[in-house]
Amino acid sequence: MKGFKSFASATSMRLEPGITCVVGPNGSGKSNVVDAIAWVLGEQGAKALRGGKMEDVIFAGTSGRAPLGRAEVTLTIDNTDGALPIDYTEVSITRRMFRSGESEYEINGNHCRLLDIQELLSDSGIGREMHIIVGQGRLDGMLHAKPEDRRAFIEEAAGVLKHRKRKEKAVRK
Ligand code: ATP
Ligand code: MG
């Protein structure tokens, strides 16, 4: 993360398999780490990133430090198991955004479109609906949902929905 929300200077973290806990005082940037992951994976909603407009992800400055002109996040995924359909054992996804609102995306340092990233991730269970991130209140919503809604949620997370839609289409013909 560089220039992303409270992370003005380049900051990196390693997420090992298993559970990682991020601990710190209120307002120290724990949730900003989760926002960075959602953002680099293509999140387009300012509200989902807890901001008013998309530019709010760019470091806005503090009393001792001037605002920055761009935010950048790179997420490097271990692909030795080939979960992502690309011929690299490590896949780096980068998103960069300028105050003009313009965004740039890269896969392993090569410019690409957001669509290329969405396609790369589409069968990995990461998906567009971001069910990999369960925000505050979402768990409650799921526990209190009707059984059908809860099933749709699980089906989407598991990537079953698109096969069911294709089946329904085939049966209709
Ligand atoms: P809590 O324990 O209350 O949930 P937290 O550790 O999750 O706190 P965050 O919400 O991640 O905290 O971080 C909030 C901090 O990030 C605030 O101090 C806010 O000023 C700062 N922040 C958010 N966006 C920006 C920005 N664009 N530029 C600079 N600082 C920012
Ligand atoms: Mg928080």
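Throughout, read-outs are computed from the coordinates displayed, never taken from laboratory work. This structure is a prediction, so every number in the text was calculated from the model and none was measured. Positions of Cβ are backbone-derived with ideal geometry, glycine not excepted, and every protein chain shown enters the neighbour counts.
Per-structure values
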| quantity | calculated |
| --- | --- |
| Residue list for segment 46-69, filter: under 18 Å from the mean Cα position of the chain (by Cα) and among the basic types (K, R) | K47, R50, K53 |
| Hey, L120 touching a residue at least 12 places away in the same chain (Cβ under 8 Å), over 17 Å from G45 (Cα atoms) and assigned to a helix (DSSP H, G or I) or not | yes |
| Any chance L75 is without any contact (Cβ under 8 Å) to a residue 40 or more places away in the chain, in contact with a helix residue (DSSP H, G or I) (Cβ under 7 Å, 6 or more places away or on another chain) and surrounded by 15 or more Cβ atoms within 10 Å (Cβ to Cβ) | yes |
| Unmet requirement for P85, which otherwise passes all of (1) within 16 Å of ligand 1 (Cβ to nearest atom); (2) more than 22 Å from R14 (Cα to Cα) | (1) |
| Filter result for T80 (assigned to a strand (DSSP E or B), more than 16 Å from ligand 2 (Cβ to nearest atom) and not basic (K, R)) | no |
| Selection from segment 36-60 of residues that are near ligand 1 (Cβ under 7 Å from one of its atoms) and part of a helix (DSSP H, G or I) | D56, V57 |
| Qualifying positions in segment 20-35 - surrounded by 10 or more Cβ atoms within 10 Å (Cβ to Cβ) and either near ligand 1 (Cβ under 7 Å from one of its atoms) or outside any loop (DSSP other than H, G, I, E, B) (or both) | S28, G29, K30, S31, N32, V33, V34, D35 |
| Residues being more than 22 Å from E106 (Cα to Cα) and either within 15 Å of ligand 2 (Cβ to nearest atom) or in contact (Cβ under 8 Å) with a residue 12 or more places away in the chain (or both) - total across segment 21-47 | 11 |
| Residue check for T11: part of a loop (DSSP other than H, G, I, E, B) and within 13 Å of ligand 1 (Cβ to nearest atom) | yes |
